[in-house]
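Asker: My questions all concern the structure below.
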Amino acid sequence: MNDLQVTDPTVQTRALKISARQVDVFYGDTHAIRKVDVDIADKTVTAFIGPSGCGKSTFLRCLNRMNDTIDTARVAGKIRLDGEDIYDPRVDPVQLRARVGIVFQKPNPFPKSIYDNVAYGPRIHGLARDKAALGGIVEKSLRRAALWDEVKDRLGAPGTSLSGGQQQRLCIARAVATSPEVLLMDEPCSALDPIATAQVEELIDELRRRYSVVIVTHSMQQAARVSQNTAVFHLGELVEFGETGQIFTNPNDPRTENYITGRIG
Amino acid sequence: MTDATAARPTPSLLAQDNRTRHRNRAEVRFRAFGMAAMGTGVLALAVLLASVVSNGLGAFRQTFITFPVVLSQERLDPDGHRDPAAMARVTTFGYAPLIGRAFADHVAALGIETGLGPRAMAAMLSEEAPGQLRTAVLANPQLVGETITLDVLASGRIDGYFKGRVTLESAERDRNVSPEQLRLAETLAQAGVLTTRFNQNFITAPDASGQRPEAAGLGVAILGSFYMMLVVLVLTLPIGVAASIYLEEFAPKNRFTDLIEVNISNLAAVPSIVFGILGLAIFINFAGLPQSAPIVGGLVLTLMTLPTIIIATRASLRAVPPSIRSAALGLGASRMQSVFHHVLPLAAPGILTGTIIGLAQALGETAPLLLVGMVAFVREYPAPLPAGLFDPASALPVQVYNWTQRSDPAFVERASGAIIVLLVVLIFMNALAVLLRRRFERRW
Amino acid sequence: MPLSWLLASVVLLGASGYVAGRRRALAGVGGKCWLLHSLPHYYGANVAIFTIVPALMVLAVWLLVQPLVLERQVAPMITGAAFQDADARSLAMTDMRRVARGLDVAVRQGALTKEQARSNQTEFTDIRARLGRAGVAPGGAVTPEVLRAAQRYRRLEATGSILMTAAVLGLAALGLAYACFTRTRREFRARNAVERAVLALLILASAIAILTTVGIVLSMLFETFNFFELYPWHAFFFGLEWRPRFEGGSELGLLPLLWGTLYISFIALLVAVPIGLFAAIYMAEYAGHRLRAVAKPLIEILAGIPTVVYGLFALVTVGPILRDYFAEPLGLGSSSSSVMTAGIVMGLMLIPFVSSLSDDIINAVPQSLRDGSYGLGATQSETIKQVILPAALPGIVGAVLLAASRAIGETMIVVLGAGAGAALSLNPFEAMTTVTVKIVGQLTGDTDFSSPEALVAFALGLTLFVITLGLNVLALYIVRKYREQYE
């Protein structure tokens, strides 16, 4: 299998979902992200790649204001979701995060039942009118996360009792349950074994039909397998952004080439 | 796509929807509860301290009356030999009239008109005064026949008048004091005969009986507490450190050490009064040690403090990185040598801090001491160490309890004053512990 | 020889043993200490240990055993007609001991000559008066039998003491000689021997924790058995009345005391748990660095304040306020000491206890769970209520149980704030009393340890110990399990 094979060579231009312009992020005195411009299209998988510590996760967390929970973090620049600045003082991050969901590196199911894990988002956002509707959302989300068949008989079991791959899919189901428009994934497969990784990757491809997916990954192969667009980060700067096929086969920037060929990493 | 997601119209991020507004209000409410709870805690501390300080500061000031007394020979030394043994036959009852008369004469000499009889005037002076004068005269028999200026305590009620505890109205209803006496006191204060000033006797004097709150002091209690703390320090530090070293550095993982571990954490949570029962049954009834003695109180507090010190010591031993032990072992030191030469000195600041905090805890402990007889009324100072360990004594917190059990409201002031002394010592100890920690804290 | 002299001699022997051992070890290798297995001072210490330890062990055992043996010796002398039953006999033995001690004191003070103290002709009326002058008061009249027994006791004691001195000093010397001459050789592993001794000392020190527990349990168990011989156990455990009377016929029911204890503890927890928990949540999740640095130590000061201070606070401040502004206007009572007074003040005392334990526990909840919740668009309070608290629940339950155990065993606040009359009532403004108050009440002042009114305190103490022990064990187990979950 050719690792650099690109899944969807014909990327259609799709509607713009998120646009980031001149974004800077500071942690205290550290300048973590410098002047990044990225456009994220709807119904597309966009991959952020780059060596560790290059700021790709930090930038991802800016997209749904997860950095707000860190006291010392400060974000400058403009990030627009459907044309609205998400860092506008009138924006409530709670509402934003309902529309831009996130899945983390390490599966972090709540110490609750599988059902309650998935129902958590719909409950707090009031998405279900009654019990039956909630049950429906839970089932639909678990199906979308390709977990339904494995857990449908034990929805009351604690989420922590699942295997690692299942836990991560549960977290995806949990994120999907709030009906987001964008799904951010922060190295969702790095804690998983190859089989679970394959399942999750398959799932990401599936999710692309409904959501705009942004995935941070360490592995270029994974980026190549699942994404249509790729952004390459290096030392807090965006080195190159473009179609995945083009980035991998014909990079413009020497640093991209170095990274892809394994000289930086 | 017939999907709920797609069907939902995308609302603007810039406007909060109703649900979000509602949720945010709940958020604010929740936050306010948290703030209120924290505020309540801090407020409770403030009110507690304010109550103690406002009730207790008065104990450090006392009202004195100053007037000349003629120490007549015929009353105090009928034989005229100035022999202290013979003079000791004159009891305090012989001195009291002398003082009373001198006070009345002085008031008359000042030209103050008062409707009070000599007896009522004498009642304005502390009942402690004759005893104090007698002690002074017996110590220095040459005073007899001279005129000396006497500085005596005013009675508790008169003192209370100048501290706002007693008013003219309350005096109407009080058998122990009359408004006339208070008015006279007021006049005397203007004349400079009666003054309210700092009273060191509160710290140094022994306790006094229930009728003489003005004379009651903390001397015996402070000494008793000090003796007990010495016992606790001398016993807990070596035993606690030895036990911790064993448990942390040498103990194998087995049933016995498990039992000790569980035991120590449980002992730390056993009610203090249970230790008092232990002390009463073992140290007093079984071993036959004397009641009210600092040695017994100290032993009981030692057993109570040991778990605290062991827990603190183990924590600081654990904080010494294993690399230090390996380095010593690598040079051919035995395990014992590596612990005593390297680990223990490095853990010493932490152990010291834990010990001070343990001592502070022991110093404030009251309940177990009640059971080993520290409540007794003790007026004699215990002897110097080490014999004093077996003499009856009181303890600071027990003295507080003792005073709260007396009927005269002046003792509330005394008890609060004693607490101020206790708290000052505790603050000092804790500050020392914090200082030590800051100064010697090491990060590996 | 007095005991202190004997001790000093043993220590002196030990010190000279140290010097001798060290010197002999060095002499054995001609001063080339690198030829020795251990450093020279280890050889010295080895000798000192051999000198001191066996001697002191024998001394301790002797001191424990001698009185028992001697009493058995003299006991037959006072089994006259007057001492038929066991009580009278044990009383007479106590008297005998007291007379014997009194004779010692009298001789020391010169009130009696040594010969007079021994002579059989000493008039007993006289002896009582003389003992009184020497500051010793025998319980009853000194009967001739008791006096004879006491005199024999003293004679035996004097002999015993000589024997003991000889045995102890002899053993010390023997130990010194043995260790110095047979165990101070070049190849002898002195360091290992000394370290084994030190290790034994360390083990002994850690066993004190166990001894304390054993002491607690035994001291209360024995007296509790004595109590149940005088008073039926079912009447104690199920009695609804607490009315001790000096003249006998007391009713000593546990239930009213237990009710008071639990009621006050309940109110205390009602105050402490919400305030402590919310304060912990605020400090762990909301407060900024600076606020936390100020508020946390401030609240923890509350934990360092002695309980007697809270007691006084209850007595002079909280009690009167509750009475004047709540109890009396509501017609619920006119007592300033009440369940409410003690409960509220105890609650204040427990706030830092609950808050610092909960703070630790909340901080132990992994950040990833918070991130997961925020990532789904939950607000901070929703995250706390629906994710953090459920995750921390076992730990918090443990903390509350520990606080409950504290509340049940707390003494000074209830002694000063709750009252002394036992009552089975629901009115929180009524004065009630607790187990701990009654332990203090029954055991302070002059107590006669053969009456059920005094002995009941030990039964109360045991009950208290068992309840708090149960709560502690449960709480510590829960907290430990909780910690393991996130490690």
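Asker: Could you compute how much accessible area chains B and A hide from each other, both sides summed, with a 1.4 Å probe? Nearest 100 Å² is fine. Mind showing how you got there, number by number?
Answerer: Working: alone 24230 and 12330 Å², together 34820 Å².
Accessible area lost upon association: around 1700 Å².
Asker: Okay, next question. Along the Cα→Cβ direction, 7 angstrom out, place labels at B:ARG89 and A:ASP39. What is the inter-label distance in nm?
Answerer: Each label point lies 7 Å from its Cα, and together they span 12.2 nm.
Asker: Compute, for C:GLU229, the solvent-accessible surface of its heavy atoms (probe 1.4 Å) with the complete set of protein chains present, and express it in square angstrom to the nearest 10.
Answerer: The accessible area of C:GLU229 comes to roughly 150 Å².
Asker: Given H placed 1.01 Å from N in the peptide plane, which residues other than close sequence neighbours of A:GLY77 have an amide H under 5 Å from its amide H?
Answerer: When sequence neighbours closer than 5 places are left aside, the close amide H contacts are A:ASP24.
Asker: Taking the alpha carbon gyration tensor of the protein assembly as shown, what are the square roots of 5 times its eigenvalues, largest first, to the nearest whole Å?
Answerer: Details: eigenvalues 1048, 366, 175 Å².
Gyration-tensor ellipsoid for the protein assembly as shown: 72, 43, 30 Å.
Asker: Under a point spin-label approximation (7 Å from Cα along Cα-to-Cβ), what is the C:LEU424-A:ALA191 distance to one decimal in nm?
Answerer: Placing both labels 7 Å beyond Cα along the Cβ direction yields 5.6 nm.
Asker: Please label the shape of segment C:242-482 as rounded, prolate or oblate, based on the square roots a ≥ b ≥ c of the eigenvalues of the alpha-carbon gyration tensor (a/c under 1.5 means rounded; beyond that, a/b larger than b/c means prolate, else oblate).
Answerer: Numbers: a/c = 2.62, a/b = 1.89, b/c = 1.39.
Since a/c reaches 1.5 and a/b is larger than b/c, the shape of segment C:242-482 is classed as prolate.
Asker: Ordering C:THR184, B:THR114 from largest to smallest accessible area (1.4 angstrom probe), what's the sequence? Intermediate values should be presented prior to the final figure.
Answerer: On the way: C:THR184 10, B:THR114 50 Å².
Result, largest first: B:THR114, C:THR184.
Asker: Before rounding to the nearest 500, sum -39500 (n - 2.57) across all DSSP H runs of length at least 4 in the protein assembly as shown and divide by the residue total; then give [θ] at 222 nm in deg cm²/dmol.
Answerer: Working: 50 runs with 705 residues, N = 1196.
Rounded to the nearest 500, it is -19000 deg cm²/dmol.
Asker: Counting alpha carbon pairs within less than 8 Å and at least 6 residues apart, what relative contact order, in whole percent, applies to segment B:60-199? Show your work: numbers first, answer last.
Answerer: Values: 181 pairs, mean separation 56.5, N = 140.
After rounding, I find 40 percent.
Asker: Given a Förster distance of 51 angstrom, what is the FRET efficiency for C:LEU255 paired with B:ALA32, based on the Cβ-Cβ distance and rounded to 0.05?
Answerer: Details: r = 42 Å, r/R0 = 0.82.
So, using R0 = 51 Å, E works out to roughly 0.75.
Asker: Ok, one more. Taking only protein heavy atoms and a 1.4 Å probe, what accessible area per residue, in Å², does segment B:137-223 have with all protein chains in place? Mind showing how you got there, number by number?
Answerer: Numbers: 3960 Å² over 87 residues.
Accessible surface, normalised per residue, equals 46 Å².
Asker: Compare C:THR307, B:THR204 by solvent-accessible area with a 1.4 Å probe and give them largest first, with all protein chains kept in place.
Answerer: Working: C:THR307 25, B:THR204 70 Å².
So the residues, ranked largest to smallest area, are B:THR204, C:THR307.
Asker: Can you list residues from other chains, or at least 5 along the same chain, whose modelled amide H is less than 5 Å from the amide H of B:LEU150?
Answerer: Counting only residues 5 or more places away or on other chains, the set is B:PHE67, B:VAL69.
Asker: Compute, for chain B, the length of the dipole vector about the Cα centre, with Cβ point charges of +1 (Lys, Arg) and -1 (Asp, Glu) only. Units Debye, rounded to 20. Write down the numbers at each step before the final one.
Answerer: Details: 36 positive and 31 negative charges, 447 e Å.
For this selection, approximately 2140 debye.
Asker: Can I ask one more? Starting from 0.36 nm per residue, how many nanometres of slack lie between A:SER161 and A:ALA132 once their C-alpha separation is accounted for?
Answerer: Details: separation 29, 0.36 × 29 = 10.44 nm, distance 2.53 nm.
That pair, A:SER161 and A:ALA132, stretches by 7.9 nm at full extension.
Asker: Once you've got the GNM for chain B with C-alpha springs shorter than 10 Å, pick whichever of B:THR195, B:THR257, B:THR40 has the biggest mean-square fluctuation.
Answerer: Evaluated over chain B, the most mobile residue of the options is B:THR40.
Asker: Just the accessible area for C:VAL61, please: 1.4 Å probe, Å², rounded to the nearest 10?
Answerer: 90 Å²
Asker: Which lysines have a Cα less than 25 Å from the Cα of A:LYS152, not counting those fewer than 8 places away in the same chain?
Answerer: Qualifying lysines at Cα under 25 Å: A:LYS106, A:LYS112, A:LYS131, A:LYS140.
Asker: Separate question: Among C:SER450, C:GLY44, C:VAL29, flag the residue with its Cα farthest along the positive direction of the charge dipole of chain C, charges on Cβ as +1 for Lys/Arg and -1 for Asp/Glu.
Answerer: Toward the positive end, the furthest listed residue is C:VAL29.
Asker: A follow-up question, please. Check the straight Cα-Cα distances from C:LYS32 and name the aspartates and glutamates below 17 Å, setting aside those fewer than 8 residues away within the same chain.
Answerer: Result set, ordered by chain and number: C:GLU187.
Asker: Please compute the modelled spin-label separation between C:HIS234 and B:PHE428, points set 7 Å along Cα→Cβ, answer in nm with one decimal.
Answerer: For the pair B:PHE428/C:HIS234, the computed spacing is 5.9 nm.
Asker: Hey, got the dipole for segment B:62-155? About the Cα centre, +1 on K and R Cβ, -1 on D and E Cβ, debye to the nearest 20?
Answerer: On the way: 6 positive and 10 negative charges, 27 e Å.
Dipole magnitude for segment B:62-155 comes out near 140 debye.
Asker: Ok, one more. May I ask you to rank B:LYS163, A:LYS17 by accessible area, largest first, using a 1.4 Å probe over the protein chains only?
Answerer: Numbers: B:LYS163 60, A:LYS17 20 Å².
Final ranking, largest accessible area leading: B:LYS163, A:LYS17.
Asker: Same structure again: Relative to 2.2 N^0.38 Å, what does the C-alpha radius of gyration of chain A come to as a ratio? Two decimals please.
Answerer: Details: Rg = 18.2 Å, N = 265, 2.2 N^0.38 = 18.3 Å.
Its radius of gyration relative to the 2.2 N^0.38 Å reference: 0.99.
Asker: If you don't mind, there's one more thing I want to ask. Could you grab the relative contact order for segment B:219-440? Cα pairs under 8 Å, six or more apart, rounded to a whole percent. Mind showing how you got there, number by number?
Answerer: On the way: 292 pairs, mean separation 67.8, N = 222.
Relative CO of segment B:219-440 lands at 31 percent.
Asker: Roll a 1.4 Å probe over the protein heavy atoms and report the accessible area of C:ILE52 in Å², nearest 10.
Answerer: Only protein atoms counted, so the area is about 40 Å².
Asker: Let me ask you something else. If r is the Cβ-Cβ distance from A:GLU150 to C:ALA293 and R0 is 56 Å, what FRET efficiency results, to the nearest 0.05?
Answerer: Step by step, r from the Cβ atoms, then E = 0.70.
Asker: Residues with amide H under 5 Å of B:GLY217's amide H, sequence separation 5 or more or different chain, H placed in the peptide plane at 1.01 Å from N; which?
Answerer: B:ASP207, B:ALA208
Asker: Multiply the residue gap between B:ASN285 and B:VAL47 by 0.36 nm, knock off their C-alpha separation, and tell me the result in nm, one decimal place. Don't skip to the answer; put the middle values down first.
Answerer: On the way: separation 238, 0.36 × 238 = 85.68 nm, distance 4.21 nm.
Net length gain for the segment: 81.5 nm.
Asker: Next question. What FRET efficiency would be calculated for the residue pair A:ALA76, A:GLN221, taking the C-beta separation as r and a Förster radius of 41 Å, to the nearest 0.05? Don't skip to the end; give the middle numbers.
Answerer: Numbers: r = 34 Å, r/R0 = 0.83.
Step by step, r from the Cβ atoms, then E = 0.75.
Asker: Would you mind giving the total buried accessible surface between chains B and C, with a 1.4 Å probe and ligands, DNA and RNA left out, rounded to the nearest 100 Å²? Show your work: numbers first, answer last.
Answerer: On the way: alone 24230 and 26130 Å², together 44080 Å².
In total, this chain pair buries about 6300 Å².
Asker: Please list, or write none, the lysines whose alpha carbon is within less than 16 Å of the alpha carbon of A:LYS78, excluding same-chain residues fewer than 8 places away.
Answerer: Once the sequence-local lysines are set aside, what remains near A:LYS78 is A:LYS17, A:LYS35.
Asker: Among DSSP beta bridges lying fully in the protein assembly as shown, give the percent that are antiparallel, nearest 5.
Answerer: 70 percent
Asker: In addition: Connecting C-alpha atoms closer than 10 Å in a GNM of chain B, tell me which of B:GLY58, B:GLY276, B:GLY145 has the biggest fluctuation.
Answerer: Sorting by GNM fluctuation, first place goes to B:GLY145.
Asker: Another question, then. Carbon and sulfur: what percent of segment C:242-482's accessible surface (1.4 Å probe)? Can you show the working numbers first?
Answerer: On the way: 5410 of 8290 Å².
Exposed carbon and sulfur together represent 65 percent of the surface.
Asker: Relative to the present Cα-Cα distance, how much length would full extension add between C:LEU12 and C:ASN226 at 0.36 nm per residue of separation?
Answerer: Values: separation 214, 0.36 × 214 = 77.04 nm, distance 4.58 nm.
Working it through step by step, the gained length comes to 72.5 nm.
Asker: Can I ask one more? Can you tell me which of B:VAL375, B:VAL42, B:VAL231 moves the most in a GNM of chain B? Springs connect C-alpha atoms under 10 Å apart.
Answerer: Of the options given, B:VAL42 has the highest mean-square fluctuation.
Asker: Let me have the relative contact order for chain A, percent, based on Cα pairs under 8 Å that are six or more residues apart. Mind showing how you got there, number by number?
Answerer: Working: 527 pairs, mean separation 76.9, N = 265.
For chain A, the relative contact order is 29 percent.
Asker: Is the C-alpha gyration tensor of chain B telling us rounded, prolate or oblate? Criteria: a/c under 1.5 is rounded; beyond that, a/b larger than b/c is prolate, otherwise oblate. Don't skip to the end; give the middle numbers.
Answerer: Working: a/c = 3.21, a/b = 1.58, b/c = 2.04.
Oblate.
The values are calculated or read from the model by the stated rules, or taken from the named source; none is laboratory data. As the structure is a computational prediction, the values presented were derived from the model and not from experiment. Virtual Cβ from ideal backbone geometry, glycine too; neighbours counted across all protein chains shown. The protein model used for the area step is the full one, side chains on, heavy atoms only, and it has no ligands, DNA or RNA in it. Shrake-Rupley method; radii C 1.70, N 1.55, O 1.52, S 1.80 Å.
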